[in-house]
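Just below is one structure, and these are the notes that go with it.
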Amino acid sequence: MSTRLRDLPSVDRVLSDERVVRLIAQYSRRAVTDLVRAEMAACREAIGIGGPVPALAEIAAAIEGRAADRWREWPGSVINATGVILHTNLGRAPLSRAALDAAERTSAGYNDLELDMETGKRGSRQAHLSQLVCEVTGAAAAMAVNNNASAMLLGLAAVAAGKEVIVSRGEAVEIGGGFRIPDVLRQSGATLVEIGTTNRTYVRDYANAITENTGAILSVHSSNFLVSGFTHSPDFKELVRLGAERNIPVLHDLGSGCLLDTADFGLAHEPMPQESVVAGVSLAFFSGDKLLGGPQAGIIIGDEALVSDVSSHPLARAVRIDKAGISALSATLMHYIKEEATSEIPVWRMISRTASDIGSTADQWAESLGQGCDVVDGLSTIGGGSLPGEVLNSRLVRLGSTGHTGGPDALAQRLRNGANPVLGRIEDDSVLLDPRTVLLGQEDTLLKTVSHALDS
Ligand SMILES: *Cc1c(COP(=O)(O)O)cnc(C)c1O
(Lines give C-alpha, C1' and ligand atoms only; values in the text may rest on other atoms or scores of the structure.)
Protein backbone atom coordinates (compact mmCIF):
# COMPACT_ATOMS: atom_id res chain seq x y z
CA MET A 1 0.00 0.00 0.00
CA SER A 2 2.63 2.53 1.10
CA THR A 3 4.73 1.83 -1.99
CA ARG A 4 1.76 2.70 -4.18
CA LEU A 5 1.23 5.92 -2.23
CA ARG A 6 4.89 6.73 -2.91
CA ASP A 7 4.10 6.64 -6.67
CA LEU A 8 1.83 9.67 -6.17
CA PRO A 9 3.57 12.91 -7.25
CA SER A 10 4.51 15.33 -4.46
CA VAL A 11 2.51 18.50 -3.79
CA ASP A 12 5.48 20.53 -5.08
CA ARG A 13 5.59 18.47 -8.27
CA VAL A 14 1.87 19.09 -8.85
CA LEU A 15 2.29 22.81 -8.11
CA SER A 16 4.88 23.07 -10.86
CA ASP A 17 2.68 21.36 -13.46
CA GLU A 18 2.05 23.71 -16.35
CA ARG A 19 -1.75 23.68 -15.90
CA VAL A 20 -1.56 24.25 -12.16
CA VAL A 21 0.91 27.12 -12.75
CA ARG A 22 -1.72 28.70 -15.01
CA LEU A 23 -4.32 28.36 -12.23
CA ILE A 24 -1.94 30.06 -9.78
CA ALA A 25 -1.61 33.00 -12.19
CA GLN A 26 -5.39 33.18 -12.51
CA TYR A 27 -6.25 32.93 -8.79
CA SER A 28 -3.50 32.88 -6.13
CA ARG A 29 -0.74 30.52 -4.97
CA ARG A 30 -2.29 30.10 -1.54
CA ALA A 31 -5.80 29.29 -2.80
CA VAL A 32 -4.53 26.85 -5.47
CA THR A 33 -2.19 25.15 -2.98
CA ASP A 34 -5.22 24.42 -0.79
CA LEU A 35 -7.00 22.85 -3.75
CA VAL A 36 -3.91 20.74 -4.58
CA ARG A 37 -3.75 19.50 -0.96
CA ALA A 38 -7.47 18.64 -1.02
CA GLU A 39 -7.10 16.75 -4.30
CA MET A 40 -4.02 14.86 -3.06
CA ALA A 41 -5.87 13.85 0.11
CA ALA A 42 -8.73 12.54 -2.04
CA CYS A 43 -6.21 10.60 -4.19
CA ARG A 44 -4.57 9.01 -1.14
CA GLU A 45 -7.95 7.97 0.16
CA ALA A 46 -8.94 6.43 -3.19
CA ILE A 47 -5.62 4.56 -3.38
CA GLY A 48 -6.12 3.42 0.23
CA ILE A 49 -9.26 1.54 -0.77
CA GLY A 50 -7.54 -0.08 -3.75
CA GLY A 51 -7.98 2.53 -6.47
CA PRO A 52 -5.34 3.13 -9.17
CA VAL A 53 -2.54 5.72 -8.78
CA PRO A 54 -3.56 8.67 -10.97
CA ALA A 55 -1.08 10.22 -13.40
CA LEU A 56 0.04 13.82 -12.92
CA ALA A 57 -2.11 14.93 -15.90
CA GLU A 58 -5.21 13.42 -14.29
CA ILE A 59 -4.48 15.13 -10.98
CA ALA A 60 -3.96 18.50 -12.71
CA ALA A 61 -7.22 18.07 -14.64
CA ALA A 62 -9.09 17.26 -11.42
CA ILE A 63 -7.66 20.41 -9.79
CA GLU A 64 -8.75 22.49 -12.78
CA GLY A 65 -12.20 20.98 -12.37
CA ARG A 66 -12.28 21.87 -8.66
CA ALA A 67 -11.23 25.47 -9.42
CA ALA A 68 -13.76 25.88 -12.23
CA ASP A 69 -16.50 24.49 -10.03
CA ARG A 70 -15.71 26.29 -6.78
CA TRP A 71 -14.63 29.66 -8.15
CA ARG A 72 -16.97 30.12 -11.07
CA GLU A 73 -18.94 33.34 -11.23
CA TRP A 74 -22.10 32.62 -9.33
CA PRO A 75 -25.02 32.94 -9.81
CA GLY A 76 -24.33 32.27 -13.48
CA SER A 77 -26.54 33.86 -16.13
CA VAL A 78 -29.10 31.63 -17.82
CA ILE A 79 -31.50 32.27 -20.68
CA ASN A 80 -35.09 31.69 -19.55
CA ALA A 81 -37.06 30.14 -22.40
CA THR A 82 -39.45 28.34 -20.02
CA GLY A 83 -42.29 30.81 -20.55
CA VAL A 84 -42.53 31.30 -16.77
CA ILE A 85 -42.14 35.06 -16.33
CA LEU A 86 -41.40 35.29 -12.58
CA HIS A 87 -39.35 32.14 -12.13
CA THR A 88 -38.49 31.90 -8.43
CA ASN A 89 -35.52 29.58 -9.06
CA LEU A 90 -34.17 31.95 -11.70
CA GLY A 91 -34.05 35.05 -9.53
CA ARG A 92 -37.57 36.45 -10.09
CA ALA A 93 -37.93 39.78 -11.92
CA PRO A 94 -35.13 40.92 -14.26
CA LEU A 95 -34.48 44.66 -13.90
CA SER A 96 -35.01 47.41 -16.44
CA ARG A 97 -32.02 49.15 -18.02
CA ALA A 98 -32.71 52.30 -15.98
CA ALA A 99 -32.94 50.33 -12.72
CA LEU A 100 -29.64 48.58 -13.45
CA ASP A 101 -27.89 51.84 -14.33
CA ALA A 102 -29.20 53.51 -11.18
CA ALA A 103 -28.06 50.63 -8.97
CA GLU A 104 -24.64 50.66 -10.62
CA ARG A 105 -24.14 54.41 -10.13
CA THR A 106 -25.23 54.22 -6.50
CA SER A 107 -23.03 51.22 -5.74
CA ALA A 108 -19.92 52.40 -7.56
CA GLY A 109 -19.50 55.69 -5.71
CA TYR A 110 -20.65 57.83 -2.84
CA ASN A 111 -24.18 59.26 -2.77
CA ASP A 112 -26.65 61.30 -0.72
CA LEU A 113 -28.40 58.19 0.61
CA GLU A 114 -28.57 59.62 4.13
CA LEU A 115 -27.55 63.23 3.65
CA ASP A 116 -29.86 66.20 3.36
CA MET A 117 -28.13 68.21 0.64
CA GLU A 118 -29.74 71.47 1.71
CA THR A 119 -28.76 71.43 5.36
CA GLY A 120 -25.72 69.17 5.04
CA LYS A 121 -27.09 67.15 7.95
CA ARG A 122 -28.19 63.55 8.23
CA GLY A 123 -31.16 62.73 6.03
CA SER A 124 -33.49 59.75 5.72
CA ARG A 125 -32.79 56.86 3.34
CA GLN A 126 -36.55 56.35 3.06
CA ALA A 127 -37.81 59.86 2.29
CA HIS A 128 -37.43 60.04 -1.47
CA LEU A 129 -38.50 56.45 -2.09
CA SER A 130 -41.56 56.84 0.19
CA GLN A 131 -42.73 59.79 -1.88
CA LEU A 132 -42.52 57.76 -5.10
CA VAL A 133 -44.38 54.80 -3.55
CA CYS A 134 -47.12 57.18 -2.31
CA GLU A 135 -47.32 58.75 -5.76
CA VAL A 136 -47.93 55.44 -7.57
CA THR A 137 -50.16 53.82 -4.92
CA GLY A 138 -52.05 56.82 -3.54
CA ALA A 139 -50.98 55.86 0.01
CA ALA A 140 -50.51 58.49 2.73
CA ALA A 141 -47.20 56.99 3.88
CA ALA A 142 -44.76 54.30 2.74
CA MET A 143 -41.42 52.68 3.44
CA ALA A 144 -39.33 49.88 1.97
CA VAL A 145 -37.47 47.01 3.61
CA ASN A 146 -35.48 43.95 2.57
CA ASN A 147 -38.37 41.82 1.21
CA ASN A 148 -42.06 41.22 1.75
CA ALA A 149 -41.48 38.56 4.40
CA SER A 150 -39.57 41.10 6.48
CA ALA A 151 -42.19 43.78 5.73
CA MET A 152 -44.82 41.49 7.31
CA LEU A 153 -42.63 40.50 10.22
CA LEU A 154 -41.83 44.14 10.97
CA GLY A 155 -45.38 45.38 10.42
CA LEU A 156 -46.88 42.73 12.71
CA ALA A 157 -44.20 43.27 15.36
CA ALA A 158 -44.84 47.03 15.37
CA VAL A 159 -48.64 46.84 15.35
CA ALA A 160 -49.58 43.62 17.13
CA ALA A 161 -46.75 42.20 19.31
CA GLY A 162 -48.24 40.76 22.49
CA LYS A 163 -51.72 40.91 20.98
CA GLU A 164 -54.01 38.69 18.94
CA VAL A 165 -54.13 38.81 15.15
CA ILE A 166 -57.26 37.46 13.47
CA VAL A 167 -56.65 35.43 10.29
CA SER A 168 -59.05 33.35 8.22
CA ARG A 169 -58.28 29.59 8.24
CA GLY A 170 -58.19 29.70 4.47
CA GLU A 171 -55.41 32.31 4.60
CA ALA A 172 -53.11 30.81 7.25
CA VAL A 173 -51.07 29.49 4.35
CA GLU A 174 -47.55 28.61 3.26
CA ILE A 175 -46.26 31.07 0.67
CA GLY A 176 -43.29 28.96 -0.45
CA GLY A 177 -39.84 27.93 0.71
CA GLY A 178 -41.32 27.07 4.12
CA PHE A 179 -42.57 30.65 4.68
CA ARG A 180 -45.79 30.19 6.64
CA ILE A 181 -48.11 32.94 7.83
CA PRO A 182 -48.64 31.34 11.29
CA ASP A 183 -44.86 31.12 11.82
CA VAL A 184 -44.26 34.75 10.84
CA LEU A 185 -47.03 35.82 13.21
CA ARG A 186 -45.45 33.87 16.06
CA GLN A 187 -42.02 35.38 15.34
CA SER A 188 -43.49 38.87 15.45
CA GLY A 189 -44.69 38.24 18.99
CA ALA A 190 -48.36 38.22 18.01
CA THR A 191 -50.81 35.38 18.68
CA LEU A 192 -52.70 33.87 15.79
CA VAL A 193 -56.46 33.61 16.14
CA GLU A 194 -57.78 31.43 13.33
CA ILE A 195 -61.37 31.90 12.32
CA GLY A 196 -63.85 30.53 9.78
CA THR A 197 -63.21 27.36 7.80
CA THR A 198 -60.76 26.54 5.02
CA ASN A 199 -63.29 27.34 2.30
CA ARG A 200 -65.73 29.80 3.88
CA THR A 201 -65.13 32.74 6.19
CA TYR A 202 -67.59 35.60 6.82
CA VAL A 203 -67.23 39.10 8.26
CA ARG A 204 -69.20 37.92 11.30
CA ASP A 205 -66.44 35.36 11.99
CA TYR A 206 -63.98 38.24 12.28
CA ALA A 207 -66.40 40.32 14.35
CA ASN A 208 -67.05 37.44 16.77
CA ALA A 209 -63.32 36.90 17.33
CA ILE A 210 -62.57 40.48 18.38
CA THR A 211 -61.61 40.82 22.06
CA GLU A 212 -59.96 43.62 24.07
CA ASN A 213 -56.70 41.90 23.22
CA THR A 214 -57.08 42.03 19.42
CA GLY A 215 -54.13 43.84 17.78
CA ALA A 216 -55.06 43.51 14.12
CA ILE A 217 -57.06 41.78 11.43
CA LEU A 218 -54.78 40.30 8.75
CA SER A 219 -55.95 39.48 5.25
CA VAL A 220 -53.53 37.41 3.15
CA HIS A 221 -53.86 37.26 -0.62
CA SER A 222 -53.89 33.60 -1.68
CA SER A 223 -51.32 34.34 -4.33
CA ASN A 224 -50.04 30.85 -5.05
CA PHE A 225 -53.12 28.63 -4.97
CA LEU A 226 -56.77 28.60 -5.98
CA VAL A 227 -59.76 27.78 -3.81
CA SER A 228 -62.76 27.10 -5.97
CA GLY A 229 -66.24 25.70 -5.58
CA PHE A 230 -68.19 26.33 -2.36
CA THR A 231 -66.11 29.23 -1.07
CA HIS A 232 -66.62 32.60 0.56
CA SER A 233 -64.32 35.28 1.86
CA PRO A 234 -65.43 38.79 2.74
CA ASP A 235 -64.75 41.70 0.47
CA PHE A 236 -61.69 43.58 1.72
CA LYS A 237 -63.82 46.74 2.08
CA GLU A 238 -66.11 44.94 4.55
CA LEU A 239 -63.12 44.03 6.70
CA VAL A 240 -61.92 47.64 6.66
CA ARG A 241 -65.39 48.81 7.72
CA LEU A 242 -65.37 46.33 10.62
CA GLY A 243 -61.87 47.46 11.62
CA ALA A 244 -62.94 51.11 11.58
CA GLU A 245 -66.05 50.37 13.68
CA ARG A 246 -64.08 48.46 16.31
CA ASN A 247 -60.91 50.59 16.08
CA ILE A 248 -58.69 47.70 14.96
CA PRO A 249 -56.00 48.03 12.27
CA VAL A 250 -56.67 45.97 9.14
CA LEU A 251 -53.50 44.67 7.47
CA HIS A 252 -53.29 43.33 3.93
CA ASP A 253 -50.54 41.03 2.62
CA LEU A 254 -50.86 41.55 -1.13
CA GLY A 255 -47.97 39.33 -2.18
CA SER A 256 -47.18 40.60 -5.62
CA GLY A 257 -47.75 44.33 -5.48
CA CYS A 258 -49.21 44.58 -8.93
CA LEU A 259 -49.47 48.25 -9.95
CA LEU A 260 -51.11 47.64 -13.36
CA ASP A 261 -54.46 45.94 -13.87
CA THR A 262 -53.72 42.37 -15.02
CA ALA A 263 -57.27 42.15 -16.45
CA ASP A 264 -56.14 44.54 -19.22
CA PHE A 265 -53.79 41.78 -20.40
CA GLY A 266 -56.34 38.97 -20.52
CA LEU A 267 -55.48 37.67 -17.03
CA ALA A 268 -57.56 37.38 -13.87
CA HIS A 269 -57.58 40.56 -11.82
CA GLU A 270 -54.71 40.58 -9.29
CA PRO A 271 -55.42 42.78 -6.24
CA MET A 272 -53.59 46.10 -6.50
CA PRO A 273 -52.02 48.23 -3.73
CA GLN A 274 -54.02 51.21 -5.07
CA GLU A 275 -57.25 49.29 -4.34
CA SER A 276 -56.19 48.47 -0.78
CA VAL A 277 -55.49 52.18 -0.26
CA VAL A 278 -58.88 53.23 -1.65
CA ALA A 279 -60.55 50.63 0.57
CA GLY A 280 -58.86 52.27 3.57
CA VAL A 281 -56.26 49.65 4.56
CA SER A 282 -54.24 50.40 7.71
CA LEU A 283 -51.08 48.75 6.36
CA ALA A 284 -50.48 46.79 3.15
CA PHE A 285 -47.35 44.76 2.31
CA PHE A 286 -46.00 43.68 -1.08
CA SER A 287 -42.85 42.48 -2.85
CA GLY A 288 -40.58 44.55 -5.09
CA ASP A 289 -39.46 41.68 -7.33
CA LYS A 290 -42.73 40.03 -8.32
CA LEU A 291 -45.20 41.81 -10.62
CA LEU A 292 -43.80 45.20 -9.64
CA GLY A 293 -40.79 44.17 -11.74
CA GLY A 294 -38.07 45.66 -9.55
CA PRO A 295 -35.35 44.47 -7.15
CA GLN A 296 -35.87 42.30 -4.08
CA ALA A 297 -37.69 44.54 -1.61
CA GLY A 298 -40.69 44.66 0.68
CA ILE A 299 -42.93 47.70 0.55
CA ILE A 300 -45.15 48.85 3.38
CA ILE A 301 -47.87 51.43 2.68
CA GLY A 302 -50.74 52.85 4.66
CA ASP A 303 -51.75 55.05 7.52
CA GLU A 304 -49.20 57.75 8.43
CA ALA A 305 -49.12 57.11 12.18
CA LEU A 306 -48.81 53.33 11.72
CA VAL A 307 -46.05 53.60 9.09
CA SER A 308 -44.23 55.91 11.49
CA ASP A 309 -44.56 53.29 14.28
CA VAL A 310 -43.25 50.64 11.90
CA SER A 311 -40.26 52.72 10.80
CA SER A 312 -39.22 53.48 14.38
CA HIS A 313 -39.48 49.85 15.55
CA PRO A 314 -36.05 48.39 16.50
CA LEU A 315 -36.47 45.55 13.94
CA ALA A 316 -36.64 48.13 11.12
CA ARG A 317 -32.85 48.49 11.14
CA ALA A 318 -32.42 44.70 11.00
CA VAL A 319 -34.49 44.39 7.82
CA ARG A 320 -33.55 47.64 6.10
CA ILE A 321 -33.20 47.89 2.36
CA ASP A 322 -29.72 48.45 0.89
CA LYS A 323 -28.65 51.37 -1.29
CA ALA A 324 -28.58 49.41 -4.57
CA GLY A 325 -32.12 48.18 -3.86
CA ILE A 326 -33.33 51.69 -3.08
CA SER A 327 -31.99 53.11 -6.33
CA ALA A 328 -33.23 50.20 -8.48
CA LEU A 329 -36.65 50.38 -6.84
CA SER A 330 -36.87 54.16 -7.31
CA ALA A 331 -35.93 53.83 -10.99
CA THR A 332 -38.52 51.05 -11.44
CA LEU A 333 -41.25 53.18 -9.83
CA MET A 334 -40.34 56.03 -12.20
CA HIS A 335 -41.41 53.79 -15.12
CA TYR A 336 -44.92 53.73 -13.62
CA ILE A 337 -44.91 57.49 -13.08
CA LYS A 338 -43.82 58.00 -16.71
CA GLU A 339 -46.46 55.44 -17.84
CA GLU A 340 -43.84 53.42 -19.66
CA ALA A 341 -44.00 50.21 -17.59
CA THR A 342 -45.11 47.98 -20.48
CA SER A 343 -42.22 49.11 -22.67
CA GLU A 344 -39.44 49.48 -20.06
CA ILE A 345 -40.04 46.93 -17.27
CA PRO A 346 -39.08 43.45 -18.52
CA VAL A 347 -41.87 41.52 -16.77
CA TRP A 348 -44.52 43.88 -18.18
CA ARG A 349 -42.93 43.85 -21.61
CA MET A 350 -43.24 40.06 -21.48
CA ILE A 351 -46.84 40.09 -20.21
CA SER A 352 -47.98 42.61 -22.82
CA ARG A 353 -46.30 40.91 -25.80
CA THR A 354 -48.90 39.45 -28.16
CA ALA A 355 -48.93 35.83 -29.30
CA SER A 356 -48.63 36.94 -32.94
CA ASP A 357 -45.51 39.00 -32.19
CA ILE A 358 -44.02 36.05 -30.28
CA GLY A 359 -45.06 33.86 -33.22
CA SER A 360 -42.93 35.79 -35.69
CA THR A 361 -39.90 35.42 -33.40
CA ALA A 362 -40.65 31.70 -33.01
CA ASP A 363 -40.92 31.32 -36.81
CA GLN A 364 -37.51 32.96 -37.27
CA TRP A 365 -35.91 30.73 -34.64
CA ALA A 366 -37.39 27.53 -36.08
CA GLU A 367 -36.22 28.48 -39.57
CA SER A 368 -32.73 29.38 -38.43
CA LEU A 369 -32.42 26.18 -36.35
CA GLY A 370 -33.78 23.81 -39.02
CA GLN A 371 -33.26 20.19 -37.96
CA GLY A 372 -36.96 19.37 -37.67
CA CYS A 373 -37.80 22.30 -35.37
CA ASP A 374 -41.30 23.74 -35.76
CA VAL A 375 -43.64 26.21 -34.09
CA VAL A 376 -46.67 25.22 -32.01
CA ASP A 377 -49.34 26.97 -29.95
CA GLY A 378 -48.63 27.00 -26.24
CA LEU A 379 -49.05 28.88 -22.99
CA SER A 380 -46.86 31.16 -20.87
CA THR A 381 -47.45 31.57 -17.13
CA ILE A 382 -46.76 34.34 -14.61
CA GLY A 383 -45.08 32.17 -11.94
CA GLY A 384 -43.43 33.41 -8.75
CA GLY A 385 -46.53 32.48 -6.77
CA SER A 386 -48.62 35.00 -8.71
CA LEU A 387 -51.85 34.40 -10.60
CA PRO A 388 -51.97 30.59 -10.31
CA GLY A 389 -53.81 28.89 -13.14
CA GLU A 390 -53.66 32.03 -15.30
CA VAL A 391 -52.03 31.71 -18.72
CA LEU A 392 -51.08 33.84 -21.70
CA ASN A 393 -51.37 32.45 -25.22
CA SER A 394 -47.98 32.05 -26.83
CA ARG A 395 -46.18 30.44 -29.76
CA LEU A 396 -43.38 28.01 -28.91
CA VAL A 397 -40.47 26.52 -30.80
CA ARG A 398 -40.61 22.73 -30.59
CA LEU A 399 -37.11 21.32 -30.96
CA GLY A 400 -36.71 18.49 -33.46
CA SER A 401 -36.52 15.04 -31.90
CA THR A 402 -34.33 13.40 -34.54
CA GLY A 403 -30.67 13.83 -35.43
CA HIS A 404 -29.34 14.34 -31.90
CA THR A 405 -28.62 11.71 -29.28
CA GLY A 406 -30.96 10.89 -26.41
CA GLY A 407 -34.52 11.93 -25.69
CA PRO A 408 -35.93 15.28 -24.53
CA ASP A 409 -34.38 14.98 -21.04
CA ALA A 410 -30.91 14.52 -22.51
CA LEU A 411 -31.44 17.45 -24.88
CA ALA A 412 -32.71 19.70 -22.07
CA GLN A 413 -29.67 18.75 -20.02
CA ARG A 414 -27.28 19.65 -22.87
CA LEU A 415 -29.06 23.00 -23.16
CA ARG A 416 -28.47 23.60 -19.45
CA ASN A 417 -24.87 22.51 -19.31
CA GLY A 418 -23.19 24.68 -21.94
CA ALA A 419 -21.31 27.93 -21.37
CA ASN A 420 -24.57 29.87 -21.96
CA PRO A 421 -27.31 27.71 -20.47
CA VAL A 422 -30.77 27.80 -22.02
CA LEU A 423 -33.76 26.60 -19.99
CA GLY A 424 -36.76 25.30 -21.89
CA ARG A 425 -39.55 23.02 -20.78
CA ILE A 426 -40.55 19.49 -21.69
CA GLU A 427 -44.12 18.71 -22.77
CA ASP A 428 -45.42 15.72 -24.71
CA ASP A 429 -41.90 14.33 -25.11
CA SER A 430 -40.54 17.50 -26.75
CA VAL A 431 -38.34 20.33 -25.60
CA LEU A 432 -40.22 23.63 -26.05
CA LEU A 433 -38.78 27.16 -26.06
CA ASP A 434 -41.04 30.14 -25.32
CA PRO A 435 -39.66 33.40 -26.81
CA ARG A 436 -41.82 35.44 -24.40
CA THR A 437 -39.36 35.18 -21.51
CA VAL A 438 -36.16 35.56 -23.55
CA LEU A 439 -34.71 39.03 -23.00
CA LEU A 440 -33.66 41.51 -25.67
CA GLY A 441 -30.14 40.75 -26.87
CA GLN A 442 -30.15 37.06 -25.83
CA GLU A 443 -31.39 35.70 -29.15
CA ASP A 444 -28.08 35.02 -30.91
CA THR A 445 -26.61 33.30 -27.88
CA LEU A 446 -29.74 31.18 -27.48
CA LEU A 447 -29.69 30.07 -31.11
CA LYS A 448 -26.00 29.14 -30.87
CA THR A 449 -26.51 27.07 -27.71
CA VAL A 450 -29.59 25.33 -29.16
CA SER A 451 -27.92 24.57 -32.51
CA HIS A 452 -24.95 23.10 -30.73
CA ALA A 453 -27.15 20.93 -28.47
CA LEU A 454 -29.16 19.69 -31.49
CA ASP A 455 -25.92 18.78 -33.30
CA SER A 456 -24.54 16.60 -30.54
C1 LIG B 1 -44.32 36.17 -2.21
C2 LIG B 1 -45.19 36.42 -1.05
C3 LIG B 1 -44.64 36.76 0.20
C4 LIG B 1 -43.16 36.82 0.44
O5 LIG B 1 -42.58 37.87 -0.27
P6 LIG B 1 -40.97 37.96 -0.43
O7 LIG B 1 -40.75 39.28 -1.09
O8 LIG B 1 -40.56 36.78 -1.21
O9 LIG B 1 -40.40 37.93 0.97
C10 LIG B 1 -45.52 37.00 1.25
N11 LIG B 1 -46.86 36.93 1.06
C12 LIG B 1 -47.41 36.61 -0.13
C13 LIG B 1 -48.91 36.51 -0.24
C14 LIG B 1 -46.60 36.35 -1.23
O15 LIG B 1 -47.15 36.02 -2.40
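The values are calculated or read from the model by the stated rules, or taken from the named source; none is laboratory data. Just so it is clear, the model here is predicted, and its values are computed rather than measured. Because the Cβ atoms are built from the backbone with ideal geometry, glycine has one as well, and the counts that use them run over all protein chains shown. Accessible surface areas use protein heavy atoms only, side chains included; no ligands, DNA or RNA. Shrake-Rupley method; radii C 1.70, N 1.55, O 1.52, S 1.80 Å.
Worth a mention:
- Under 23 Å between alpha carbons - lysine pairs in the chain that sit 8 or more apart or on different chains: 4
- GluC sites (Glu not before Pro) within segment 24-60, DSSP loop, no more than 11 other Cβ atoms inside 10 Å: none
- Amide H contacts for VAL431 (H built 1.01 Å from N in the peptide plane; partners 5 or more residues away or on another chain; cut-off under 5 Å): LEU399.
- Share antiparallel - DSSP beta bridges, the chain, percent rounded to 5: 55
- Theoretical gain in end-to-end length, GLN371 to HIS128 [0.36 nm per residue, Cα-Cα removed]: 82.1 nm
- Simple spin-label estimate for LEU113 and VAL53 gives 5.7 nm between the two label positions (7 Å along the Cα-to-Cβ direction from each Cα).
- Mean Cβ neighbour count within 10 Å, used as a protection proxy, ranking 242-252, 148-158, 228-238 highest first: 148-158, 242-252, 228-238
- Cα centroid separation, segment 305-354 to segment 403-456 (Å): 33
- Segment 386-456, accessible surface, carbon-and-sulfur percent (1.4 angstrom probe): 45
- Once C-alpha pairs closer than 8 Å and six or more residues apart are averaged by separation and normalised to the residue number of segment 199-290, the relative contact order reads 30 percent.
- Relative contact order of segment 2-70, taken over Cα pairs closer than 8 Å and 6 or more residues apart, is 44 percent.
- The distance from the alpha carbon centre of segment 107-166 to that of segment 222-254 is 25 Å, rounded to a whole number.
- Of the peptides 346-354, 388-396, the ranking by mean beta-carbon count within 10 Å, highest at the top, reads 346-354, 388-396.
- Solvent-accessible area of MET117 with every protein chain in place, 1.4 Å probe, in Å² to the nearest 10: 130
- Distance between the pseudo-spin-label points of ARG37 and SER10 (7 Å out from Cα toward the beta carbon): 1.7 nm.
- The antiparallel fraction among DSSP beta bridges confined to segment 151-255 stands at about 15%.
- Lys, Arg +1 and Asp, Glu -1 on Cβ, resulting dipole of the chain about Cα centre, debye, nearest 20: 1420
- Taking the chain and dividing mean pair separation by its residue count, relative contact order in percent (alpha carbons under 8 Å, at least six apart): 19
- Two-site FRET efficiency, LEU447 against ASP69, from Cβ-Cβ distance with R₀ of 25 Å, rounded to 0.05: 0.35
- Loop-resident sites, segment 98-205, for trypsin sites (Lys or Arg not before Pro), counting at most 10 other Cβ within 10 Å (DSSP): LYS121
- Rounded accessible area per residue of segment 225-309, 1.4 Å, Å²: 40
- Protection proxy ranking for 263-274, 300-311, 67-78, using the average of other Cβ atoms within 10 Å per residue and placing the highest first: 300-311, 263-274, 67-78.
- Ranking by accessible area, most exposed first, for TYR206, TYR27, TYR110 with a 1.4 Å probe: TYR110, TYR27, TYR206
- If R0 is 56 Å, the Cβ-Cβ spacing of ASP357 and TYR27 corresponds to a FRET efficiency of close to 0.75.
- For segment 314-415, with +1 on Lys and Arg beta carbons and -1 on Asp and Glu, the positive-most of LEU315, GLY383, GLY359 along the dipole: LEU315
- With DNA, RNA and ligands ignored, accessible area of ILE79 (1.4 Å probe; Å², nearest 10): 10
- Estimated from helices alone, the mean residue ellipticity of the chain at 222 nm is -12500 deg cm²/dmol (sum of -39500 (n - 2.57) over DSSP H runs with n ≥ 4, per residue).
- Solvent-accessible area, 1.4 Å probe, carbon plus sulfur percent, for segment 228-383: 48
- Comparing PRO271, LEU132, PRO408 along the charge dipole axis of the chain, the residue lying farthest to the positive side is PRO408, per the Cβ-charge model.
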